[in-house]
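The values are calculated or read from the model by the stated rules, or taken from the named source; none is laboratory data. Not measured: the values here are computed from a predicted model. Heads up, the Cβs are rebuilt from the backbone with ideal geometry, glycines too, and the neighbour counts pull from every protein chain shown. SASA here: full protein model, heavy atoms, side chains in, ligands and nucleic acids out. Shrake-Rupley method; radii C 1.70, N 1.55, O 1.52, S 1.80 Å.
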Amino acid sequence: MKLARDTWLVYQRQLLLMARSPVWIAVGLLQPLCYLLLFAPLLTSALAASGAHSTADAYRIYVPGLLSALALMGGLFTGFTLLGELHAGVIERSRVTPVSRVALLLGRALRETTALLIQSVLIAVLAIPFGLTVGLADLLLAMALLALMALMASSVSYGLALLVPTDAALGPVVNTIAQPLALLSGTLLPIALAPVWLRTAASWNPCYWAVEGMRALFSGHVDAPEVWRGLLLTALLAAVAVAWSARLFAQRIR
Amino acid sequence: MIVTKGLRKSFQPRRGAAAVDAVRGIDLNVAEGEIYGLLGPNGAGKTTTLRMLATLLAPDGGAATVAGADLRAAPGEVRRRIGYVAQGGGTTDQATAREELVLQARMYGVRKAEAVQRAEQGLAAFDLTEFGDRVCKTYSGGQRRRLDLALGVVHRPSVLFLDEPTVGLDPRSRSQVWGEVRRLREQGMTVLLTTHYLDEADALCDRIGIVDNGGIVTEGTPEELKQKISGDSVTIGLSDAGATTGAERALAELPCVQRLEALPGEDGLRLHVDSAATAIPQLLRTLAASGIEPEHVQLQRPSLDDVFLALTGRALVHSS
Ligand SMILES: Nc1ncnc2c1ncn2[C@@H]1O[C@H](COP(=O)(O)OP(=O)(O)O)[C@@H](O)[C@H]1O
Ligand SMILES: [Mg+2]
């Protein structure tokens, strides 16, 4: 009960701050538009090798990957917003109160998740004119999977920001994790195009299963094994990431 | 209200680097309704001590009871009973004072309607009503500091920790903050503050603990501390170098003079005496007997500066 109430408190404040930051909103809305409109001409020919024979086919492969990439990258880089709060003493001020430590993390990670879901819905809607059609149930499951990815990635990022609390140090750390993760998940290009050794490496990456799950859902294969594997693995990882990061929120603040 | 025994903390700046003993055994006993000041130079360990008492840092050793709750056994209880204002504050640029106060009260578990009311009271009490609905980014240093104080007490704690409450403020805001702290004490709050300003410790605190190098060197009321370095100092201005040498020879003999030295850069002497009240007549009589006419005589009561210098052998340097 207290956890839910405190999380709601932190979450509300985070949403308010997000709404007051017009730059964020502009970037958040323009970014998906750019991805969709600028990549569109490239898509059909580029994805022909993976069996895309029409623009609609290409979007079924590209859009779920794009959404996954936004969830993972957006999440992993959100730690930088925490640096500002750490610097201003906001976190320390919260930590002197009896407010739940898990709530300090969850409220923030859920803000990030909300932002991502808004972007995702926007992209899915914008892709309709290009012939993308997804069943409502499939779309809802896909959103749940995305939310778990965003929750996991942002929790990891907040944890990293607490461990390396300067801009200069956090940048390289996050990049080192984000680059191989995105490549080995096949977010922008399906891993099926890659040589065998790369595919083997990817199958050890839990995010790969999440991205494959997304693609299966966007193609209407809700019963494909990638779907439940992706959901289960991501839920598990998200739980571990939240627990790890919440522990740091309780201990590790200057 | 605050009792500590042998509180210790050391930091390991980097793996393999030598540990820094930030606090090496601090014993405190602060009574209810008292304003107690930890006075010491930068790096003395004041902030570390406060952060341990506010449950932000786990002590390496020692024990403490804050507002009746044990720091180690019941940190949650300590949190509910204390307020803490960090040196740099902790407000969000994009939020208004009213929003910050409501959030703060709610983080302490206060219900929404009650929190809104407390925010209103907090704004009024700290003279913030006028800009309560403007975002904090637009506040002056003094306004921001008053908001920090209002946030620190919105849940009506019985103990308040203030870390360098007036650092970087202009003189007017400074005395305003002193006024607020005194007002809180009148309402029965116990205040533990840190400062590296001697005049602040002198003007605001009932008792002072002088901190140097992670430990309390001495403590007492400002008056007691000044009496600890015994006696007063007297400056005598003289007309020329000859008179100065003559006076030095004549006055050095006097039993009431502990020590004397020539003033740097001008003709005259500085004397340390047990009590200026009884020494000055003797000094003047002796000078008259040697035919020396002083140009002026000045009495200096010892300041906390002198106390700090006498105890640590170093001046308390501060920027302002
Ligand atoms: N988190 C930390 N890591 C490493 N050293 C620290 C940390 N916090 C404080 N110190 C060191 O501990 C000493 C005491 O610092 P502090 O308590 O901030 O002093 P003060 O508040 O009196 O200026 C200083 O030498 C400081 O560099
Ligand atoms: Mg300090």
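Of all the criteria given as (1) open to solvent by 20 Å² or more (accessible area, probe 1.4 Å); (2) in the same structural domain as B:Gly45 (by TED's automatic domain parsing), the one not satisfied by B:Ala288 is (2).
Screening A:Pro32 against (1) within 11 Å of chain B (Cβ to nearest Cβ); (2) open to solvent by less than 20 Å² (accessible area, probe 1.4 Å); (3) of a type outside the set (Asp, Glu) leaves a single unmet condition, (1).
When B:Leu151 is tested against the conditions (1) away from ligand 2 (no atom under 15 Å from the Cβ); (2) more than 14 Å from chain A (Cβ to nearest Cβ); (3) not charged (D, E, K, R), the lone failure is (2).
If the condition is being away from ligand 2 (no atom under 16 Å from the Cβ) and not small (Gly, Ala, Ser), then the stretch B:56-78 contributes B:Pro59, B:Asp60, B:Thr65, B:Val66, B:Asp70, B:Leu71, B:Arg72, B:Pro75, B:Glu77, B:Val78. Out of curiosity, is B:Asp240 open to solvent by 30 Å² or more (accessible area, probe 1.4 Å) and within 30 Å of B:Gly215 (Cα to Cα)? So B:Asp240 fails the test. Counting only helices (runs of 4 or more DSSP H) wholly contained in the stretch A:145-239, the ones carrying 2 or more residues that are open to solvent by 70 Å² or more (accessible area, probe 1.4 Å) occupy A:167-185, A:196-203.
One residue stands out among those in the stretch B:68-102 that are of a type in the set (A, V, I, L, M, F, W, C) and in contact with a Ser or Thr (Cβ under 9 Å, 6 or more places away or on another chain): the one that is farthest from B:Leu57 (Cα to Cα), which is B:Ala97. Taking the criterion of being at pLDDT below 95, more than 9 Å from ligand 2 (Cβ to nearest atom) and farther than 14 Å from A:Val96 by Cα, the only residue of the stretch B:41-55 that qualifies is B:Pro41.
Looking only at residues in the stretch B:19-40 that are within 11 Å of ligand 1 (Cβ to nearest atom) and open to solvent by 20 Å² or more (accessible area, probe 1.4 Å), the one that is nearest to the chain's Cα centre (by Cα) is B:Arg24. Given the structure, is B:Gly141 open to solvent by 10 Å² or more (accessible area, probe 1.4 Å) and more than 21 Å from B:Val30 (Cβ to Cβ)? In short, yes.
Being of a type in the set (D, E, K, R) and open to solvent by less than 10 Å² (accessible area, probe 1.4 Å) is a property that B:Asp163 has.
Counting only helices (runs of 4 or more DSSP H) wholly contained in the stretch A:37-114, the ones carrying 1 or more residues that are within 14 Å of another protein chain (Cβ to nearest Cβ) occupy A:79-88, A:90-96.
Residue count for the stretch B:78-128, restricted to those that are surrounded by fewer than 19 Cβ atoms within 10 Å (Cβ to Cβ), within 8 Å of chain A (Cβ to nearest Cβ) and touching a strand residue (DSSP E or B) at 6+ places or on another chain (Cβ under 7 Å): 2.
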